[in-house]
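Read through the structure below, which is laid out as structure tokens, and then see the notes.
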Amino acid sequence: MMKIVRVLDELGQEQIGSLNPDGTVSGLEGDLFGELLPTGKTLSVSKFLAPLVPNSVMAVGLNYRHHAEESGAKIPEYPILFIKTPNTVQNPGDPIILPTFLASDEVDYECELAVIIGKNCKNVRRENALEYVLGYTCANDVSARDWQIKRGGSQWCRGKCFDTFCPLGPAIVTTDEIPDPNRLAIKTILNGKEVQSWNTNDMIFDVPALIEFLSGSTTLAAGTVILTGTPHGVGMAHKPPTWLKAGDTVSIEIESIGTLTNPVIDEA
Ligand code: MG
């Protein structure tokens, strides 16, 4: 039973720890994907980091029924895979940066359950797929809709891969605390107002089905992060649309996992 965090201590050194209910962090040593043992020390935390450095971020689009409907899309026959590059990963509390050089006027939030693969795997069957999961964290699949939809040549990656477009955290909650990842309340709160609020039970392809599909003839290495799609309520679907702007604060909240909060600023 652990909420694993990655932090900077008072000397600015990176440490792994276990987040306690009272907010303190107990030091851990060892390998995130092997054995982690308590050091017996309480860490003095100067900053929370994204809880891991992913070796790959695989993301699935249009994976909630009500969101596929609000997007005017058909229910997909197979999961729709795209990739978010490593530069997109952002720490809890650090800003989502709105692109102004390769400018976007249509940056949107997406609350997502992130699955952290804990063991190398390939050709996994859904029946035992969750054995390969280390835990879960919150993600925001930030998306520049203009680059995703109008100027991406039908590829989503341009609009999904700007710097800071994948906040992750604050903690990896291990699977023993979350026996079923497909019954969790999930929401986005923008400037104090709830804009997405649904449940992971609306996924078209549930977490085991996604792992079976994504590992098919494909090695998923330990440290792969899978973003599992977002429910309805994205800014694009509001009338008129709600786009992120400098000064906003956006929080992703998932039941039993925690809250990931990031301010929004313009690119300098
Ligand atoms: Mg998404």
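The values are calculated or read from the model by the stated rules, or taken from the named source; none is laboratory data. If you're wondering where the values come from, they're calculated on a predicted model, not measured in any experiment. Here the Cβ positions follow ideal geometry from the backbone for every residue, glycine too, while neighbour counts run over all protein chains shown.
Quick notes on this one:
- If you check 140, 191, 123, 128 for being in contact (Cβ under 8 Å) with a residue 40 or more places away in the chain, of a type outside the set (Phe, Trp, Tyr) and more than 22 Å from residue 258 (Cα to Cα), only one passes: 123.
- Every residue from the stretch 149-166 that is farther than 18 Å from residue 245 by Cβ, of a type outside the set (A, V, I, L, M) and either in contact with a Cys (Cβ under 9 Å, 6 or more places away or on another chain) or surrounded by fewer than 24 Cβ atoms within 10 Å (Cβ to Cβ) (or both): 150, 151, 152, 153, 154, 155, 156, 157, 158, 160, 161
- Residue match in the stretch 33-50 (condition: outside the structural domain of residue 161 (by TED's automatic domain parsing), farther than 25 Å from residue 121 by Cβ, at pLDDT 95 or above and not in a strand (DSSP E or B)): yes
- Near pairs, Cβ below 6 angstrom, 6+ apart or cross-chain, from the stretch 148-171 (over 19 Å from residue 5 (Cβ atoms)) to any residue that is assigned to a helix (DSSP H, G or I) and away from the ligand (no atom under 16 Å from the Cβ): 163/87
- Looking only at residues of the stretch 172-182 that are in a loop (DSSP other than H, G, I, E, B) and out of contact with any helix residue (DSSP H, G or I) (no Cβ under 6 Å at 6 or more places or on another chain), we find that the one that is farthest from the ligand (Cβ to nearest atom) is 179.
- Any chance residue 185 is away from the ligand (no atom under 16 Å from the Cβ), over 28 Å from residue 8 (Cα atoms) and buried (at least 17 other Cβ atoms within 10 Å of the Cβ): no
- Flag: residue 79 does not match the condition of being away from the ligand (no atom under 16 Å from the Cβ), modelled with pLDDT of 95 or more and closer than 26 Å to residue 255 by Cα.
- A residue that is hydrophobic (A, V, I, L, M, F, W, C), in contact with an Asp or Glu (Cβ under 7 Å, 6 or more places away or on another chain), in contact (Cβ under 8 Å) with a residue 12 or more places away in the chain and over 17 Å from residue 141 (Cα atoms) cannot be found anywhere in the stretch 211-229.
- The single residue among 41, 47 that is touching a residue at least 24 places away in the same chain (Cβ under 8 Å) and among the basic types (Lys, Arg) turns out to be 47.
- Of the numbered criteria (1) surrounded by fewer than 20 Cβ atoms within 10 Å (Cβ to Cβ); (2) without any contact (Cβ under 8 Å) to a residue 24 or more places away in the chain; (3) farther than 29 Å from residue 158 by Cα, the one residue 16 fails is (1).
- Considering the stretch 61-137, the qualifying strands (runs of 3 or more DSSP E), each wholly inside and each with 1 or more residues that are crowded, with 17+ Cβ neighbours inside 10 Å, in the same structural domain as residue 167 (by TED's automatic domain parsing) and among the small types (Gly, Ala, Ser), run over 111-117.
- Any hit, the stretch 56-69, residues being over 15 Å from residue 143 (Cα atoms) and among the small types (Gly, Ala, Ser): yes
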